[in-house]
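Below: the structure, in structure tokens.
Every number here is computed from the coordinates shown, using simple stated rules; none is lab data. This structure is a prediction, so every number in the text was calculated from the model and none was measured. Every residue, glycine as well, gets a Cβ built from its backbone with ideal geometry; the counts of neighbours run over all protein chains shown.
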Amino acid sequence: MIFWIFVAMTALFGWFTWIAISTDSGVVTTNAYQYGLEYNDIIAKQSESDALPWQMTLERAEVKNGKTSLVITIQNPTNGKTNFDAVRAWLIRPAHSGRDFELQLQPHGVNRYRAEFDLPEIGLWELQVTAKSGNDQKQWQRDLQWR
């Protein structure tokens, strides 16, 4: 009796081994070593970005008469004013794919940036803002509830 249990278990484990070997696709990530090195660069750039003293404040995000407006302030506490080459925002809809879009924010006074746009639908959106000045770049993220 014990002999047949041993034979059945060996056959079962042999079958599992055959399935594992025959369905193995090999390396999942091509150039994994290079990808790892590039990831270290991404972490280093993020550390540089975190060291920048820039601060973003969301002044206004509202829907009025079918038009949506977004106004943000980006300040540099060390010297007050910073001229940015580009300030972009991405609105990402976590609940529905395919609704995400990008905005180019325009200067609107000192340290203020604004965009007006048509919001596809109200609800929860993720706002990602990126400001770039020369070689320096910083990104912020906020959740917005549009009503």
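Numbers for the structure displayed
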item: Region 17-94 shape via C-alpha gyration tensor axes, a/c threshold 1.5; result: oblate
item: Cα-based Rg / Dmax (Å) for region 53-146; result: 13.4, 41
item: Under-5 Å amide H pairs with SER133, H placed in peptide plane, nonlocal only; result: ASP85
item: Pair SER47, GLN34: separation of 7 Å Cα→Cβ label points (nm); result: 2.5 nm
item: Max mean-square fluctuation residue, GNM over the chain, Cα-Cα springs under 10 Å, options ALA61, ALA95, ALA115; result: ALA95
item: Over the chain: helical MRE at 222 nm, DSSP H runs n ≥ 4 each giving -39500 (n - 2.57), nearest 500; result: -10000 deg cm²/dmol
item: Total lysine pairs whose alpha carbons fall under 19 Å of each other in the chain (8 or more apart, or interchain); result: 4
